[in-house]
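Trainee: Take a look at the following structure, please.
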Amino acid sequence: MKKVQAIDSHTGGEPTRVVIEGGPQLSGASMAERLQCMRSRHDGFRSAVVNEPRGSDIMVGALLCPAQDPDCLTGVLFFNNVGYLGMCVHGTIGVVATLAYLGRIQPGRHRLETPVGKVTADLEESGQVSVTNVASYRFAQDVKVCIGEGKAMFGDVAWGGNWFFLADAPDLDLSLDNEPFLTELTWTIRQALHEAGITGDKGQEIDHIELFGPSRRADSKNFVLCPGRTYDRSPCGTGTSAKLACLYADGKLRPGQIWRQESIVGSVFEGSVQLSQGLLYPRIRGSAYVNAETTLVLDDKDPFCVGIRS
Ligand code: PYC
């Protein structure tokens, strides 16, 4: 019988379960090496924490690890129902809100290590958190993807800490009532990208799909399909980072200019970009709320101890 202490929160509706005690000891110095260790030796732990019956398909997990760089507060690995994320902005906001809730950090600037690089989180007195993400960029513009029966979608491929395909869809109903259709459409796009061999710049799978439409309360509203066929309840911080990189590349966003991105459930992230040494760094502002303190019990005798679908 193993016990794992976790704190749950949500950021704009998207959950994060932060493991604060009882996680595996990972070998490796860098977060990329530790991710490798987690993936190859402790994947059951990932599934046990986030998957049914203990979790749900939409749960994102965060495992805290000692930071390699003494300037960093912590290292963090993010994972979901099917695998691992490079970076997760809503999850980083959740981690910071969780550490503040536990009294382990105070308002101010904090640095975190992820497998894809270091990020900075500024915690305000109000509880709002601004994450300066890893450098982001558009890799390909106006890419055509055939989705069957003479139908095609056009979109950009961009990196925001994960790989995204971003398509404007001004005529689609981006509402929760239309979620089954949007999930089916974006899943079809993802599979079509895979079949067509359209990838990130080093052949990485594009595992997040974003559709954009008009918003009444922000600059844009999105629907974001995550790798495990679930949709992001938040505006998706890495997805908003990818969007900001595309807007900047199109000359539609100046450094420092605020872009407000609304999610499918109506939550909003504020984004902007800053340039440093020729690279573009998105900054995403949002807030998270702690909603549970949990002791997970992992019982070897439980046939679904590591999840129904691991
Ligand atoms: O906020 O970056 C994000 C994110 C990625 C997947 C779910 N949320």
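Trainee: Quick check on Leu102: is it surrounded by fewer than 23 Cβ atoms within 10 Å (Cβ to Cβ), away from the ligand (no atom under 13 Å from the Cβ) and among the hydrophobic types (A, V, I, L, M, F, W, C)?
Mentor: So Leu102 fits the description; yes.
Trainee: Could I ask something else about it? Does Val134 satisfy being β-branched (Val, Ile, Thr) and in a strand (DSSP E or B)?
Mentor: no
Trainee: Considering each residue of the range 37-93, count those that are open to solvent by less than 10 Å² (accessible area, probe 1.4 Å), away from the ligand (no atom under 13 Å from the Cβ) and in a loop (DSSP other than H, G, I, E, B), and give that number.
Mentor: Residues flagged as open to solvent by less than 10 Å² (accessible area, probe 1.4 Å), away from the ligand (no atom under 13 Å from the Cβ) and in a loop (DSSP other than H, G, I, E, B) within the range 37-93 amount to 1.
Trainee: Search the range 139-155 for residues being farther than 18 Å from Gly213 by Cα, small (Gly, Ala, Ser) and open to solvent by less than 40 Å² (accessible area, probe 1.4 Å), and hand back the single one that is farthest from the ligand (Cβ to nearest atom).
Mentor: Among those that are farther than 18 Å from Gly213 by Cα, small (Gly, Ala, Ser) and open to solvent by less than 40 Å² (accessible area, probe 1.4 Å), it is Gly148.
Condition check ((1) farther than 26 Å from Glu52 by Cα; (2) in a strand (DSSP E or B); (3) open to solvent by 30 Å² or more (accessible area, probe 1.4 Å)) across all residues:
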| position | (1), (2), (3) |
| --- | --- |
| Thr238 | no, no, no |
| Ala245 | yes, no, no |
| Tyr248 | yes, no, yes |
| Leu253 | yes, no, no |
| Gly271 | yes, yes, no |
| Leu280 | yes, yes, no |
| Asp300 | no, no, yes |
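Trainee: Mind listing just one residue for me: the one in the range 219-236 that is more than 17 Å from Tyr84 (Cβ to Cβ) and open to solvent by 20 Å² or more (accessible area, probe 1.4 Å) and, of those, farthest from the ligand (Cβ to nearest atom)?
Mentor: So, considering only residues that are more than 17 Å from Tyr84 (Cβ to Cβ) and open to solvent by 20 Å² or more (accessible area, probe 1.4 Å), the one farthest from the ligand (Cβ to nearest atom) is Asp219.
Trainee: All but one of (1) open to solvent by less than 50 Å² (accessible area, probe 1.4 Å); (2) away from the ligand (no atom under 13 Å from the Cβ); (3) of a type outside the set (Asp, Glu) hold for Gln261; state the number of the condition that does not hold.
Mentor: (2)
Trainee: Go through the residues of the range 117-124 one by one and say whether even a single one is under 22 Å from Cys226 (Cβ atoms), away from the ligand (no atom under 16 Å from the Cβ) and touching a residue at least 24 places away in the same chain (Cβ under 8 Å).
Mentor: No, because not a single residue in the range 117-124 is under 22 Å from Cys226 (Cβ atoms), away from the ligand (no atom under 16 Å from the Cβ) and touching a residue at least 24 places away in the same chain (Cβ under 8 Å).
Trainee: Being out of contact with any Ser or Thr (no Cβ under 7 Å at 6 or more places or on another chain) and of a type in the set (A, V, I, L, M, F, W, C) is the filter; apply it to the range 226-243 and report the residue that is nearest to Thr186 (Cα to Cα).
Mentor: For the range 226-243, the residue satisfying everything is Cys226.
Trainee: Arg17 fails exactly one of the following numbered conditions: (1) part of a loop (DSSP other than H, G, I, E, B); (2) in contact with an Asp or Glu (Cβ under 9 Å, 6 or more places away or on another chain). What is the number of that condition?
Mentor: The number of the failed condition is (1).
Trainee: Of the conditions (1) away from the ligand (no atom under 12 Å from the Cβ); (2) touching an Asp or Glu at 6+ places or on another chain (Cβ under 7 Å); (3) under 20 Å from Asp207 (Cβ atoms); (4) touching a residue at least 24 places away in the same chain (Cβ under 8 Å), Glu113 clears all except one; give me its number.
Mentor: That leaves (3) as the condition not met.
Trainee: Now for a separate question. Taking Ser241, is it on the phi < 0 side of the Ramachandran plot and out of contact with any Pro (no Cβ under 7 Å at 6 or more places or on another chain)?
Mentor: No.
Trainee: Which of the residues that make up the range 190-223 are closer than 25 Å to Val268 by Cα, not in a loop (DSSP other than H, G, I, E, B) and not charged (D, E, K, R)?
Mentor: His208, Ile209, Leu211, Phe212, Gly213, Ser220, Asn222, Phe223, listed by residue number.
Trainee: Within the range 156-189, can you find the residues that are within 16 Å of the ligand (Cβ to nearest atom) and surrounded by 20 or more Cβ atoms within 10 Å (Cβ to Cβ)?
Mentor: Ala158, Trp159, Gly160, Gly161, Asn162, Trp163, Phe164, Phe165, Leu166, Leu182, Thr186
The values are calculated or read from the model by the stated rules, or taken from the named source; none is laboratory data. Just so we're clear, the structure is a prediction, and the values are computed from it rather than from any experiment. Here Cβ is always computed from backbone atoms with ideal geometry, including for glycine, and neighbour counts include all displayed protein chains. Only protein heavy atoms, including side chains, enter the accessible area calculation; ligands, DNA and RNA are left aside. Shrake-Rupley method; radii C 1.70, N 1.55, O 1.52, S 1.80 Å.
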